[in-house]
Amino acid sequence: MAEVIVSVVLKLIAREVDSLVSQEYRHEVKGLSDDLKSVLRFLKDAEERQYGDVEIHKWVSEIRELAYDIEDVLYMLHLKVQRKRGCFLFFSGTVNFFEQCQQPEQMGCFQEVFCDVFCLGEIKELLRHYMGSRTQYMGIEKCYMARKIKKIRNELTELLNRGQEYNLQESNSVRLLFKNSHKNEYSLQLRSDGEGRSDAFGRLRELIRSTSFAVEENVVGFEDEARTLLDKLLGENQNLFIISIYGISGLGKTTLARKLYHNSDVRMRFGCYAWVYVSQDYTIQDLLRRIINSFRFKTIKMEVLEKMNEEDLGRHLYESMQGRSYIVVIDNLWDKEVWKILNKAFPDNNNGSRVIITTRNEGVIEKSDEGTYFHELRYLTSKESWQLFCEKSFKHFNVDVGMKKQAKLAKEMVKKCIGLPLAIIVLSELLSTKNPEEWPVVHGYLWQHLEDDFFGLHPLLVLNFDSLPYRLKSCFLYLSCFPKDFEIKIEKLIHLLVVEDFIPHVEGYTMEETAKDYIDEFINKNLIQVGQRYWGRILTCRVHNIVRDLAVEKAKSNFLDIYDEAYHSYISSCPRQVIYFNTESSLWLQKCNPRLRSLFLYGEYEFSVPMCKRFSLLKVLVDGSISNDYVTRKSIRLKYLGLKNSFIFLSPSIDFFLPRLQTLDVPRSVFPVNLPSEICESQELRHLIGNFSCVPSSIESLTELQTLRSITNRAWTEINTEMLVNLRELWLVGPLKGLLVFSFDSMSNLTSLRILSVELGHDDDSFGSLQPLSHCRHLVELRLRGKMESLPDNINGVLPNLECLSLRDSRLKDNPMPLLENLPNLKILHLGYRFYSRKKIMCSANGFRRLEILLFDEHKFQIEEWHVEEGALLRLKGLRIPENFKVKIPERLRSLPTPDPREYTTKPPDDVDQYQV
């Protein structure tokens with residue numbers, strides 16, 4: 001957002017103008033600050049109005065670009081003072097090179113650097129005059145910087161003058177949707193106040209962690225359908241049985257299937273289960289691989305699966321499921337030819353296995369297919385529609401007090417939803433954010449869009465978008481950067497929103513926490529759907545195609561351009577571009593906007609960004625390849641680097657210079673990669689994600705670092721942690737270096753730590769005392785693999801806020817339960833193989849008061865006696881015990897459903913196989 005980046009630049013000027021800017025530029029830079037302050041007074045009103053006014057939207061975009069230019073200038077001045085590279089980065093060309101250029105286009109990557117302030121003739125004259133000595137060379141810098149700053153100030157003045165024509169207000173008044181009495185029409189200026197952090201964010205923060213068992217949805221109106229389908233799933237028919245749930249988009253097919261899939265009786269009935277979502281852009285091979293991964297078969301390595309063809313994958317799936325009792329959900333199946341292939345891969349084991357299919361296409365399965373039950377999902381009745389609306393909306397109001405008129409209006413609007421659950425939910429979420437006095441205006445607007453007695457989803461979604469706080473609107477539009485049916489990693493989305501400057505600084509919170517609040521708000525408003533979970537947290541999300549279409553529609557106005565090589569021959573001048581490609585040709589890269597800020601690449605092939613060396617302004621690169629040439633010369637603005645592979649780090653000559661990098665996301669490969677020492681020059685680095693074998697000890701200077709996942713224990717022992725006070729997530733793996741005991745003393749400085757995972761590499765390695773973790777008062781997740789022998793007697797004081805604990809190979813000598821059951825906030829407990837060296841454990845009365853999930857590993861399980869006293873584990877919702885577990889336990893525990901092993905995997909979140917539930 002423009003207001004965010006302008007505020008960032010103003011803070012940067014205030015902090016560094018005296019220390020980093022030499023006297024010759026100080027007056028001009030302070031002038032820039034005054035101009036920006038004048039702009040800032042009007043920006044809030046402009047950003048609120050920009051989505052309904054093309055000219056204002058363009059004005060805001062130009063302000064944002066100028067703010068970026070100012071940020072670049074400040075950084076150039078910073079480099080000029082520091083002289084880390086010995087010369088000014090941009091002017092590394094030679095006189096001969098420019099003498100040969102007859103047109104600016106021949107200057108290649110230097111065109112965007114020079115020609116914004118100089119013509120080609122001036123460049124040649126300057127180089128002839130100044131080249132020859134370092135002193136003369138610096139004269140070019142001075143001339144360039146002076147003219148650059150003057151140009152920016154002139155453009156700011158011009159923008160301020162234009163802003164006055166738009167009647168922008170300095171006040172923070174809230175404008176409501178209004179009726180035009182002359183035209184009897186309703187405008188789309190309805191909005192809610194976007195200032196600060198809403199009370200809703202505080203409520204949502206309390207719900208950040210919840211188990212999958214706590215989110216089973218109340219499927220209003222489908223109780224009879226659910227019972228009917230459960231009877232089919234759990235019936236006595238031992239043959240393989242197919243259930244096809246079909247109907248139009250928005251009826252709740254996936255919601256109903258999810259409820260069936262997570263039903264406790266279903267979980268107990270089947271030995272293995274899988275869920276796979278079929279996107280529109282699927283391949284049969286990828287679909288088969290995802291089904292295999294979802295079943296979590298361990299009979300073959302992923303590298304082998306990747307090399308299999310369609311026939312081999314189908315055969316492997318068929319053979320892997322022989323003799324197993326299974327249930328699989330195939331969500332959003334489109335093509336009957338796909339079903340013909342998949343159907344052959346599901347063996348009939350005569351043990352009651354089931355397949356559930358959701359589809360919009362009734363004919364995707366032949367009606368003549370035996371062993372298939374077809375269930376057409378109906379629309380809600382008027383009574384059910386009103387019940388659903390009230391559950392979603394009227395919970396915020398007292399219907400009996402002053403709401404009679406509004407209730408009548410609401411019933412009229414609900415009626416026009418014709419029983420479509422998604423439309424009712426969108427309407428209820430919209431009205432729940434408005435004062436009841438505004439409902440008549442919403443009613444009037446919707447009535448303008450009635451078509452066949454139904455106003456459809458689009459006008460509802462438009463109103464929902466317009467009523468978003470303005471700080472959320474850019475974040476919503478950013479969802480269009482991802483493909484249809486794409487599983488979006490929440491962590492990745494958060495990091496992108498931060499580097500795009502959509503997230504404001506809020507006192508007492510990190511920008512990542514604020515971004516997470518925004519995403520929770522989208523989930524609460526049903527604008528995005530929860531996907532995969534990871535230890536109670538939401539790992540991925542998905543955007544409903546109807547909602548994504550709206551984001552794409554709104555984003556086309558100078559926010560983002562989507563280019564598909566198969567359908568387009570040009571690329572627009574938008575600052576963000578999403579490119580879909582399916583050939584090895586890279587000609588389309590050369591058509592990209594040279595002032596591109598963000599680039600998303602989606603395709604099977606890998607291209608190196610130096611093919612577009614003119615991307616000198618690029619600050620976000622997602623799923624791309626990059627070469628050493630780009631990293632060293634053209635990357636001083638890059639803030640987010642999401643790589644498609646880790647090949648760049650295998651080069652022995654890598655010169656890694658990314659001074660403004662905030663997030664580095666390297667895919668986890670078979671072999672860990674070494675981080676170059678230059679990474680420590682990225683002083684703004686916040687998130688370092690990958691599988692790194694060697695990390696420079698000077699990484700301790702990265703004081704902004706929040707995520708370090710993962711590095712070796714050996715590398716960690718060489719780091720002085722005193723300055724890593726902002727570190728929140730740390731993953732360590734591998735054997736210790738010349739030591740047998742891992743000391744937690746290094747953690748005592750990490751006062752912001754939330755998540756800690758340590759895996760020791762050798763049987764002889766062991767953990768020291770956990771006592772130093774008492775300094776980590778915010779620690780909520782702890783995973784330890786390795787010998788420990790004992791837990792601290794005061795563990796409830798050492799880890800008072802711990803919510804998730806995983807112990808593997810601990811070989812504890814004493815029963816850990818009396819200590820663990822006193823942890824006041826523990827919700828998830830995983831006790832892996834060899835966690836305890838003896839054969840008897842006991843849970844006492846009133847123990848584990850908040851525990852919801854308890855997981856025992858099957859591998860090397862030695863417990864022969866487990867005594868559970870009455871009153872223990874009262875909140876337990878899920879229990880995983882070995883199949884051969886013969887110990888007698890209370891019936892209330894044995895009847896609990898088994899948690900999904902994919903959610904509670906010991907892998908890091910960036911290494912978890914993607915699947916949909």
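The values are calculated or read from the model by the stated rules, or taken from the named source; none is laboratory data. Because the structure is a prediction, the values reported are computed rather than measured. Cβ atoms come from the backbone with ideal geometry, glycine included; neighbour counts cover every protein chain shown. All accessible areas refer to the heavy atoms of the entire protein, side chains included, with ligands and DNA or RNA removed. Shrake-Rupley method; radii C 1.70, N 1.55, O 1.52, S 1.80 Å.
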>> Name the single residue that is most open to solvent (accessible area, probe 1.4 Å) among those in region 478-498 being within 24 Å of Asp564 (Cα to Cα) and part of a helix (DSSP H, G or I).
In response: Lys492
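Condition test on Leu819, is it closer than 25 Å to Ser748 by Cβ, open to solvent by 30 Å² or more (accessible area, probe 1.4 Å), in the same structural domain as Val887 (by the TED database) and in contact with an Asp or Glu (Cβ under 9 Å, 6 or more places away or on another chain)? Full working, then the answer.
On the way: closer than 25 Å to Ser748 by Cβ: yes; open to solvent by 30 Å² or more (accessible area, probe 1.4 Å): yes; in the same structural domain as Val887 (by the TED database): yes; in contact with an Asp or Glu (Cβ under 9 Å, 6 or more places away or on another chain): yes.
The answer is yes for Leu819.
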> Just checking, which of Glu310, Glu303 is at pLDDT below 85, over 19 Å from Lys253 (Cα atoms) and assigned by the TED database to the domain that holds Lys253?
Replying inline: Glu303
> Looking at region 374-383, is at least one residue farther than 30 Å from Lys525 by Cβ and either modelled with pLDDT of 85 or more or surrounded by fewer than 20 Cβ atoms within 10 Å (Cβ to Cβ) (or both)?
Replying inline: yes
>> With the requirement that a residue be of a type in the set (Asp, Glu), part of a helix (DSSP H, G or I) and over 29 Å from Val304 (Cβ atoms), what does region 333-368 give you?
In response: Glu362
> Just one of the numbered conditions (1) in a helix (DSSP H, G or I); (2) at pLDDT 75 or above is not true of Gly419; which one?
Replying inline: (1)
> Where residues in region 530-546 are among the hydrophobic types (A, V, I, L, M, F, W, C) and in contact with a Phe, Trp or Tyr (Cβ under 9 Å, 6 or more places away or on another chain), which of them is farthest from Asp910 (Cα to Cα)?
Replying inline: Val543
>> Just to be sure before I move on: is Tyr246 under 26 Å from the mean Cα position of the chain (by Cα), closer than 30 Å to Arg548 by Cβ and among the aromatic types (Phe, Trp, Tyr) in the structure I sent?
In response: no
> Is there a residue being closer than 21 Å to Asp549 by Cβ and either assigned by the TED database to the domain that holds Lys525 or open to solvent by 20 Å² or more (accessible area, probe 1.4 Å) (or both) anywhere in region 420-429?
Replying inline: yes
>> Step by step: first the residues of region 848-857, then only those that are more than 20 Å from Lys813 (Cα to Cα) and in a loop (DSSP other than H, G, I, E, B), then the one that is most open to solvent (accessible area, probe 1.4 Å). Which residue is that?
In response: Arg849
> Regarding Pro909, is this residue within 22 Å of Leu784 (Cβ to Cβ), surrounded by fewer than 14 Cβ atoms within 10 Å (Cβ to Cβ) and of a type outside the set (S, T, N, Q)?
Replying inline: no
>> Please list, ordered by residue number, the strands (runs of 3 or more DSSP E) wholly in region 678-771 having 3 or more residues that are buried (at least 20 other Cβ atoms within 10 Å of the Cβ).
In response: 687-689, 707-712, 729-733, 755-759
> Do we have Arg875 as buried (at least 17 other Cβ atoms within 10 Å of the Cβ), assigned to a loop (DSSP other than H, G, I, E, B) and at pLDDT below 95 here?
Replying inline: no
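Checking the structure you have, find out if any residue of region 861-872 is open to solvent by less than 50 Å² (accessible area, probe 1.4 Å), at pLDDT 85 or above, assigned to a loop (DSSP other than H, G, I, E, B) and over 30 Å from Arg289 (Cα atoms).
Here is the first cut: in region 861-872, the ones open to solvent by less than 50 Å² (accessible area, probe 1.4 Å) are 861, 863, 866, 868, 871-872.
Filter again for at pLDDT 85 or above, leaving 866, 868, 871-872.
Filter again for assigned to a loop (DSSP other than H, G, I, E, B), leaving 871-872.
Filter once more, keeping what is over 30 Å from Arg289 (Cα atoms): 871-872.
Looking through region 861-872, at least one residue is open to solvent by less than 50 Å² (accessible area, probe 1.4 Å), at pLDDT 85 or above, assigned to a loop (DSSP other than H, G, I, E, B) and over 30 Å from Arg289 (Cα atoms).
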>> Scan region 442-449 and tell me whether some residue there is open to solvent by 10 Å² or more (accessible area, probe 1.4 Å), within 29 Å of Phe502 (Cα to Cα), among the β-branched types (Val, Ile, Thr) and not assigned by the TED database to the domain that holds Cys541.
In response: no
> Quick one: what pairs do we get from region 224-244, first residue farther than 12 Å from Asn263 by Cβ, second among the aliphatic types (A, V, I, L, M), C-beta under 6 Å, 6+ apart or different chains?
Replying inline: Lys232/Ile243; Ile242/Val355; Ile243/Ile356; Ser244/Ile357; Ser244/Ile365
